[in-house]
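Here is the structure we will look at, set down as structure tokens.
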């Protein structure tokens with residue numbers, strides 16, 4: 001296999017949204033025969049200012065978290081895997097990132113928009129900070145809205161993968177990840193570049209048309225340079241250039257093509273031929289209906 005996830009870290013606050021991440025993380029771990037670290041972080045310091053007896057409260061919260069984590073269920077697919085359960089004490093995002101470093105996690109799978117409660121953490125804000133600070137790739141999941149129709153049973157975690165690129169070095173690393181996952185899972189790969197036409201300052205329509213045409217040609221040439229030879233055979237069906245606001249267009253393309261994973265880098269370069277992938281990645285994580293994998297710089 002091209003990708004090698006030996007250890008998958010899954011933070012949970014025991015919410016339904018977190019369970020979506022647990023399910024996907026377990027599915028990925030089962031596919032790669034990885035070890036799972038299931039963790040919950042307790043930050044009792046947020047209650048200290050209100051005059052609570054900090055020592056006893058902290059002990060109660062930790063005991064409650066340990067019990068909840070012990071009872072937390074994993075999908076049947078994880079039955080044969082080694083599962084470590086950790087209760088962490090401190091700022092949730094910091095603890096998750098540090099745990100990943102200490103235990104050499106290869107992947108973090110985290111949900112967004114969790115529910116906060118005593119002894120729990122708000123996964124939305126935690127996911128943001130984990131994305132900013134993690135040294136390994138991070139997959140962000142969303143709780144599906146409504147009833148999801150599955151025309152056929154999935155045999156692999158992902159079947160249709162979208163790779164949006166701004167042709168930066170970070171995007172190149174994300175491309176390697178996208179290609180590896182595509183090959184591992186015999187999935188379909190789509191490659192997309194979005195021309196941010198708001199960066200074109202001229203209002204003369206003929207000039208805009210010429211510039212956009214040239215940018216599209218340039219983008220297609222850049223794609224062909226970066227893609228492996230075996231993918232070029234299907235370039236007409238997998239390569240696409242769109243125009244508009246990058247974050248919005250990436251999410252729309254993923255939804256229109258029924259992609260179940262978007263793989264992208266962060267901290268790309270800016271300019272008329274580039275999308276600002278740092279901010280674009282943030283927008284995609286917030287807007288996308290499917291899971292998003294952010295490859296680290």
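Quick notes on this one:
- Contour excess over end-to-end distance, with Cα ends at residue 70 and residue 156 and 0.36 nm allotted per residue: 28.2 nm
- When each of the peptides 95-104, 169-178 is scored by how many other beta carbons lie within 10 Å of its residues on average, the order from highest to lowest is 169-178, 95-104.
- Of the peptides 26-39, 59-72, the ranking by mean beta-carbon count within 10 Å, highest at the top, reads 26-39, 59-72.
- Taking label points 7 Å from Cα along the Cα-to-Cβ direction, residue 143 and residue 180 give a separation of 3.2 nm.
- Inter-label distance, residue 286 to residue 257: 2.4 nm, where each label sits 7 Å from its Cα along the C-beta direction.
Rule-based calculations on the coordinates, nothing more; no lab input. Predicted, not measured: the structure shown is a model, and the values here were computed from it. Using ideal geometry, Cβ is built from the backbone for each residue, glycine included, and neighbour counts are taken over all protein chains shown.
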